[in-house]
Amino acid sequence: MIFDLKQIQNVSAKKIRGAIHVGAFVGEELLQYRSLGLTNTILFEPQYKLFEIVKRKCILGERVFNIALGSENKQAEMFISDRAGGVDNGAGASSSILEPKHHLVEHPEVTFPDKETININRFDYFIENTIAEPPIVLPDYNFLNIDVQGYELEVLKGFGEHLSQIDIIICEVNRLEMYKNCPLQNEITNFLQKNNMAHTYTHWQSEGWGDSIYIRND
């Protein structure tokens, strides 16, 4: 994670009570969540190989689920990314439900040789239909981190009314069509503004994509 969550807490004056992380990859953010005293983190990772890696790291009460989040409940084919050096060098990090487009130009070292059939749930459906032990207590969660390679707006739509409980969002955004028909940053910003959240900062990691912070208006 490129952002310091402790600094975001201080600037926003909003204490992070619990984290929901969508697109966990290998769970590298767990250490930063733990530095805030969080052990109730919920993670979602649809790629089974990566899910198993994250599962082994969830040792303090964190939980990971082997599904993707979106705006519909369905199965889909995910484009699985690869690169020299394997997972340790980022293989799988660029996988997406959407077909890669400008990503192929900007990152020619990353290929998409395979597909994997995955399950997608709306977050509100997941919460209402998942039996978890211990139960997931939604008021305990007010931070959302989304890193799903162009599918971010669909994830947000799938939160439904539960989006109102989120105070801070870190969301990958695009200013070029990195994946076919992916929304651009202004579409995500407009959607979140309608949900009483303000864009505060974007760190552009490349010509085409970056990460934005959104904070709930008081």
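Please tell me if V105 is hydrophobic (A, V, I, L, M, F, W, C), modelled with pLDDT under 95 and assigned to a helix (DSSP H, G or I). No. I80 satisfies every condition listed in (1) surrounded by 14 or more Cβ atoms within 10 Å (Cβ to Cβ); (2) in a loop (DSSP other than H, G, I, E, B) except (2). The single condition from (1) touching an Asp or Glu at 6+ places or on another chain (Cβ under 8 Å); (2) in a loop (DSSP other than H, G, I, E, B); (3) surrounded by 14 or more Cβ atoms within 10 Å (Cβ to Cβ); (4) among the aliphatic types (A, V, I, L, M) that L43 fails is (2).
Conditions: (1) at pLDDT below 95; (2) not in a loop (DSSP other than H, G, I, E, B). V54 meets all but one. Number of the miss? With respect to (1) at pLDDT below 95; (2) not in a loop (DSSP other than H, G, I, E, B), V54 is out only on (1).
The set of residues in segment 1-40 that are under 24 Å from G150 (Cβ atoms), of a type in the set (V, I, T) and either touching a Lys or Arg at 6+ places or on another chain (Cβ under 7 Å) or part of a loop (DSSP other than H, G, I, E, B) (or both) comprises I2, V26.
Which of the following residues is of a type in the set (D, E, K, R) and within 16 Å of the chain's Cα centre (by Cα): D114, D147? Working first, answer last.
Details: D114 fails: within 16 Å of the chain's Cα centre (by Cα).
Residue meeting the stated conditions: D147.
No other residue among E207, E187, E152, E177 is of a type in the set (D, E, K, R), buried (at least 20 other Cβ atoms within 10 Å of the Cβ) and under 26 Å from K101 (Cβ atoms) apart from E152. Only one of the listed residues (L98, L60) is touching a helix residue (DSSP H, G or I) at 6+ places or on another chain (Cβ under 7 Å), assigned to a loop (DSSP other than H, G, I, E, B) and either within 13 Å of G23 (Cβ to Cβ) or hydrophobic (A, V, I, L, M, F, W, C) (or both). That residue is L60.
The values are calculated or read from the model by the stated rules, or taken from the named source; none is laboratory data. Keep in mind that this is a model prediction, so the values were computed, not measured. Cβ coordinates were reconstructed from backbone atoms using ideal geometry, including for glycine residues, and neighbour counts include every protein chain displayed.
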